[in-house]
C-alpha cells in the first residue's frame, strides 16, 4: 500500500512538473516599437525595431485610427517596408503587428507621413564643352534629385535654349557626346530632369568650334 502511495505521489509530481514546463513555452511576441515613417514621392518607408518574432504585418490607412478599423494590410512585412502607389499630399497612418507560432502581438501605436512630389531639379552648373571632329563633348556637374539631363544646342547663341535649340537624346550622366555637327561654332546649354519636371537651362551657354 505504501509503495502504491509513493508511486501515486511520484506520478502526481511528474504531472505537476510537466504542467510547469508547459507553461514556460513560447508566448506571443511583444508589441513592435520604434516605428518611423519617412515620406517620399508617392511612397512612404516604414521601419521598426526588430523583436523576437517570426514575421510582421503592416497596417496602413489614409484615416487616423484607420489602422484599427479599416486598414490595408501588408502580410508579411519586413522592416524597412516601402509602401508605394500613394497620393502625394495625403497623410497616411501606419502600425505594425508581430507574429509567431503562438499568435499575434497587440497593434503598435500609429505613425504618419505625407508623401510629397520631388521638387524640379536646379539647373546644372559647371557646364563645359570640348570640340571634336563632327562632335562636341559636353560636361556638367551632377544635380541633386535629377534622373536624367537634356543637352540643347544651336549654331546661334540666341537659339541655344529649351524653346529653340535642338535637343539631343537624354543623358543619364555627364559627359555627353553631341554628334552629327558640321564644322563651325556651336552653343550648348544643359537642363536637369526628374519625375516632377525639367529645370531651366544652364547659364551662360558654352560654345566650341567643331572641326
### Task
Output the strands (runs of 3 or more DSSP E) that fall wholly within region 92-199 and possess 2 or more residues being under 30 Å from residue 75 (Cα atoms) and modelled with pLDDT of 95 or more, or say none.
92-100, 111-113
### Message
Restricting to region 200-211, count the residues that are part of a strand (DSSP E or B) and surrounded by 12 or more Cβ atoms within 10 Å (Cβ to Cβ).
### Response
4
### Task
State whether the residues of region 95-117 include one that is surrounded by 15 or more Cβ atoms within 10 Å (Cβ to Cβ), within 18 Å of the chain's Cα centre (by Cα) and more than 18 Å from residue 48 (Cα to Cα).
yes
### Search result, residues across region 78-94 that are over 15 Å from residue 34 (Cα atoms) and either in contact with a strand residue (DSSP E or B) (Cβ under 6 Å, 6 or more places away or on another chain) or buried (at least 16 other Cβ atoms within 10 Å of the Cβ) (or both)
82, 83, 84, 86, 91, 92
### Query
So is residue 181 surrounded by fewer than 16 Cβ atoms within 10 Å (Cβ to Cβ) and more than 23 Å from residue 118 (Cα to Cα) or not?
no
### Message
So, restricting to strands (runs of 3 or more DSSP E) that lie completely within region 22-77, which ones have at least 3 residues that are in contact with a strand residue (DSSP E or B) (Cβ under 9 Å, 6 or more places away or on another chain) and buried (at least 16 other Cβ atoms within 10 Å of the Cβ)?
### Response
43-47, 55-61
### Summary
Pairs returned, first residue in region 131-143 that is in contact (Cβ under 8 Å) with a residue 24 or more places away in the chain, second residue that is assigned to a strand (DSSP E or B) and surrounded by fewer than 17 Cβ atoms within 10 Å (Cβ to Cβ), beta-carbon separation under 6 angstrom, 6 or more apart or interchain, are 131/209; 135/177; 135/179; 137/130; 137/177; 139/128
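The values are calculated or read from the model by the stated rules, or taken from the named source; none is laboratory data. Since this is a predicted model, take the numbers as computed values, not measurements. Positions of Cβ are backbone-derived with ideal geometry, glycine not excepted, and every protein chain shown enters the neighbour counts.
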